[in-house]
Amino acid sequence: MSDVSLVVVAGTTETAAIDGISAAGADPELRIHTPSADLEIVADGRPAPDSPVPVSPSGCPTPAVVTRAVRERVGFDFVGVDAALAVP
């Protein structure tokens with residue numbers, strides 16, 4: 001890897017559960033999985049087997065897939081920090 005590192009602090013908030021506030025998840029039930037799945041995608045290239053790739057309510061995939069692609073292309077280190085994830 002390189003001398004560059006990306007540190008992502010991720011957590012789940014009750015604000016994201018308010019309808020119309022967050023686009024981080026196709027529906028409220030999946031929304032609690034989005035932060036941890038995003039960290040898994042950036043770290044490992046895919047979410048855990050029991051987690052789908054997060055999409056917005058309109059079907060757009062999470063920006064984490066772009067971050068992972070840049071990580072693979074540029075080669076930077078990654079540290080994910082669990083800051084109260086609902087799903088570790």
Q: Pairs of Cα atoms under 8 Å, at least six residues apart: use those to get the relative contact order of the chain, whole percent.
A: 44 percent
Q) Working out 0.36 nm times the residue gap between Ile18 and Asp82, then minus their Cα-Cα distance, what length gain in nm do you get to one decimal? A) 20.9 nm
Q) Which distance in nm do the two modelled labels at Leu6 and Glu72 give, with both placed 7 Å along the Cα-to-Cβ direction? A) 1.3 nm
Q: Restricting things to alpha carbons, find the Rg to Rh ratio for the chain using the Kirkwood radius for Rh.
A: 0.98
Q: Within the set of other residues whose C-beta is less than 14 Å from the C-beta of Leu85, count the net charge using Lys and Arg as +1 and Asp and Glu as -1.
A: -3
Q: Calculate for the chain the 222 nm mean residue ellipticity that helices alone would give, adding -39,500 (n - 2.57) per DSSP H run of length 4 or more and normalising by residue count, nearest 500 deg cm²/dmol.
A: -8000 deg cm²/dmol
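We did not get these values from a lab; they are worked out from the coordinates using the rules stated. Everything numeric here is computed off the predicted structure, so don't read it as measured data. With ideal geometry, Cβ positions are generated from the backbone for all residues, glycine too; neighbour counts draw on all protein chains shown.
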